[in-house]
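Chemist: Shown below is the structure under consideration.
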Amino acid sequence: GAGVSQSPRYKVAKRGQDVALRCDPISGHVSLFWYQQALGQGPEFLTYFQNEAQLDKSGLPSDRFFAERPEGSVSTLKIQRTQQEDSAVYLCASSLGPLTGNHNSPLHFGNGTRLTVT
Amino acid sequence: SQQGEEDPQALSIQEGENATMNCSYKTSINNLQWYRQNSGRGLVHLILIRSNEREKHSGRLRVTLDTSKKSSSLLITASRAADTASYFCATVPNTGGFKTIFGAGTRLFVKA
């Protein structure tokens with residue numbers, strides 16, 4: 001079936017603009033993650049959803065970042081009043097099972113949205 | 001703030017050679033995973049090793065885990081130019097929370 005789909009693929013925003021990034025996870029996947037990846041670095045955790053519940057948002061860098069997954073499927077990451085330091089690739093990943101102590105479900109990643117703030 | 005650290009940061013080898021990448025982590029874990037990322041793409045899951053396992057194989061991949069040293073290694077045998085990518089280890093700390101934490105990655109370049 002289809003993999004994780006993210007849109008837009010590229011986004012250029014002027015500093016101060018709001019942006020919304022969309023993630024369509026694999027159908028039926030319970031868990032959904034957002035990551036931020038700077039150039040040459042590994043993905044940094046932002047937030048985690050189990051179905052529609054946002055169980056961990058400890059990685060969101062500021063209150064300008066907001067994520068939702070209202071129906072437990074599609075998720076949107078919103079960044080308000082974008083700053084230059086927000087420029088990065090934003091990756092969404094989903095996995096079949098809930099994130100439990102065993103956590104044996106691999107993550108399936110989308111190709112990301114590259115955000116450039118000018 | 002990342003849990004895992006890969007070593008080396010970059011590796012350049014000839015096609016046919018073996019490539020070894022290492023990962024160290026800080027807290028106790030339930031399992032450790034390795035992912036691959038081609039330029040401009042998302043990460044792809046390669047292999048998962050549980051904390052009670054010491055070695056695991058998948059095709060040309062061999063992963064080891066030493067929980068006493070909090071380290072893992074990924075060996076790619078008989079490398080191919082198509083193996084050129086970044087490789088990341090990922091862990092879920094056994095301390096609660098819901099993060100899968102990635103290291104900074106090893107950039108592998110395989111010359112044809």
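Chemist: Evaluate region A:36-54: report whether one residue or more is in contact with a Pro (Cβ under 6 Å, 6 or more places away or on another chain), on the phi < 0 side of the Ramachandran plot, within 11 Å of chain B (Cβ to nearest Cβ) and modelled with pLDDT of 95 or more.
Modeler: Scanning region A:36-54 turns up at least one residue that is in contact with a Pro (Cβ under 6 Å, 6 or more places away or on another chain), on the phi < 0 side of the Ramachandran plot, within 11 Å of chain B (Cβ to nearest Cβ) and modelled with pLDDT of 95 or more.
Chemist: Could you list, ordered by first residue, the pairs with Cβ atoms under 7 Å in which the first is in region B:53-69 and of a type in the set (A, V, I, L, M) and the second is assigned to a loop (DSSP other than H, G, I, E, B), at least 6 apart or interchain?
Modeler: The qualifying pairs are B:L65/B:E53; B:L65/B:R54.
Chemist: For region A:1-56, which strands (runs of 3 or more DSSP E) that fit wholly inside it have 1 or more residues that are under 11 Å from the mean Cα position of the chain (by Cα) and not basic (K, R)? Can you show your working first?
Modeler: On the way: elements: A:5-7, A:10-13, A:19-24, A:31-37, A:44-50, A:53-56.
In region A:1-56, A:5-7, A:19-24, A:31-37, A:44-50 are the strands (runs of 3 or more DSSP E) which contain 1 or more residues that are under 11 Å from the mean Cα position of the chain (by Cα) and not basic (K, R).
Chemist: Of the residues that make up region A:95-106, is at least one at the interface with chain B (Cβ under 8 Å from one of its Cβ atoms), in contact with a Pro (Cβ under 6 Å, 6 or more places away or on another chain) and either touching a residue at least 40 places away in the same chain (Cβ under 8 Å) or over 22 Å from A:A2 (Cα atoms) (or both)? Can you show your working first?
Modeler: Residues of region A:95-106 at the interface with chain B (Cβ under 8 Å from one of its Cβ atoms): A:99, A:101-104, A:106.
Still in the running and in contact with a Pro (Cβ under 6 Å, 6 or more places away or on another chain): none.
Within region A:95-106, none of the residues are at the interface with chain B (Cβ under 8 Å from one of its Cβ atoms), in contact with a Pro (Cβ under 6 Å, 6 or more places away or on another chain) and either touching a residue at least 40 places away in the same chain (Cβ under 8 Å) or over 22 Å from A:A2 (Cα atoms) (or both).
The rows are residues; the columns are (1) surrounded by 18 or more Cβ atoms within 10 Å (Cβ to Cβ); (2) out of contact with any helix residue (DSSP H, G or I) (no Cβ under 6 Å at 6 or more places or on another chain); (3) at pLDDT 95 or above.
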{"residue": "A:G1", "(1), (2), (3)": "no, yes, no"}
{"residue": "A:K14", "(1), (2), (3)": "no, yes, yes"}
{"residue": "A:R22", "(1), (2), (3)": "no, yes, yes"}
{"residue": "A:V30", "(1), (2), (3)": "no, yes, no"}
{"residue": "A:E68", "(1), (2), (3)": "no, yes, yes"}
{"residue": "A:G72", "(1), (2), (3)": "no, yes, no"}
{"residue": "A:S105", "(1), (2), (3)": "yes, yes, no"}
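Chemist: Could you please give the count of residues in region B:70-98 that are touching a residue at least 40 places away in the same chain (Cβ under 8 Å) and either within 14 Å of chain A (Cβ to nearest Cβ) or of a type in the set (K, R) (or both)?
Modeler: The total comes to 13.
Chemist: Condition test on A:V89, is it assigned to a strand (DSSP E or B), surrounded by fewer than 14 Cβ atoms within 10 Å (Cβ to Cβ) and out of contact with any Pro (no Cβ under 8 Å at 6 or more places or on another chain)? Give the steps one after another, and end with the answer.
Modeler: Numbers: assigned to a strand (DSSP E or B): yes; surrounded by fewer than 14 Cβ atoms within 10 Å (Cβ to Cβ): no; out of contact with any Pro (no Cβ under 8 Å at 6 or more places or on another chain): yes.
For A:V89, the condition - assigned to a strand (DSSP E or B), surrounded by fewer than 14 Cβ atoms within 10 Å (Cβ to Cβ) and out of contact with any Pro (no Cβ under 8 Å at 6 or more places or on another chain) - is not met.
The values are calculated or read from the model by the stated rules, or taken from the named source; none is laboratory data. This is a predicted model, so every value here is computed, not measured. FYI the Cβ positions are ideal-geometry reconstructions off the backbone, even for glycines, and counts take in every protein chain you see.
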